[in-house]
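Report on one structure; see the data block that follows.
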Amino acid sequence: MSLLHTFLPEHQFCEQHHIRVNASPARLLDMASQLHVTDFPVARLFLHLRAIPARIAAALGKPSARRIDAGFGLHDFTVLGRNGDHEFALGLVGRFWESAGGLIHVEASAFRTFSEPDIAKLVMTFVARPEGADTLLTTRTCVHCSSTTALRRFTPYWILIRMPSGLIRRMMLQRIKQLAEADDAPLARPE
C-alpha cells in the first residue's frame, strides 16, 4: 500500500505533476527530502503575499489574529515516512484557509488517526519509478477535509492557491532534476 493511501485513505482534492530524470530513484528521493523553501524565490514571494492578511490583522490588534511566518514552507510539514527507494511522504494539518495558516503540529505516528473538527489534512508524496535508464518522479498532493464546514472553507482557498501551488511543485521537480543530474550536487544542505 502506498504511503499516500496509508496516511490519507480518502481525499476530496488532488493534484499531480511529474518529470523524467536521468538519476536513480534513491538519489531523487534523497534530493526531495532535502528541499527547502529558500531554494525557490517565487515560492518565497507567494508565501510572503499569503502572510499579508495575518500581518494586517495583527497590526490592527485583533486579539485572535496570529501572524504566520513568511518562511512557511516544507519545514512546516511532518515527515510521514519513506518506502525504500519508491516513495517519500510529507503531511500537514490545519485550517489553511485562515489568514494565519491555522497549522496544527501532528506527529507522524498520530497523523492517520488525528481528528479535530473542521480541519484539512494534506499529504504530499514523491514517487520514483524506474523507466528504462531514467526515473519518472511524480509529486502528488492530496487534501481531505474533515467536515462539510471545512470543505466549504477549503474549496475557495484551493481554487485560489492551486495554480501557484502547482507552479511551486513543478519548480521543486525541476530543482530535484537539476541537482540529481549534476555530478557534484551535494546530498545534504550545508549548515
Distance in nm between pseudo-label sites at Asn22 and His75 (7 Å out along the Cβ direction from Cα):
3.5 nm
Using a Förster distance of 22 Å, the FRET efficiency for Phe13-Leu136 (Cβ separation, nearest 0.05):
0.45
Sequence-distant or interchain residues sharing an amide H contact under 5 Å with Phe96, placed H: which?
Ala120
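None of the figures in this text is laboratory data; all of them are computed from the coordinates on show. Please read these numbers as outputs of a predicted model, since none were measured by experiment. So basically every Cβ, Gly included, is an ideal-geometry build from the backbone, and we count neighbours across all protein chains shown.
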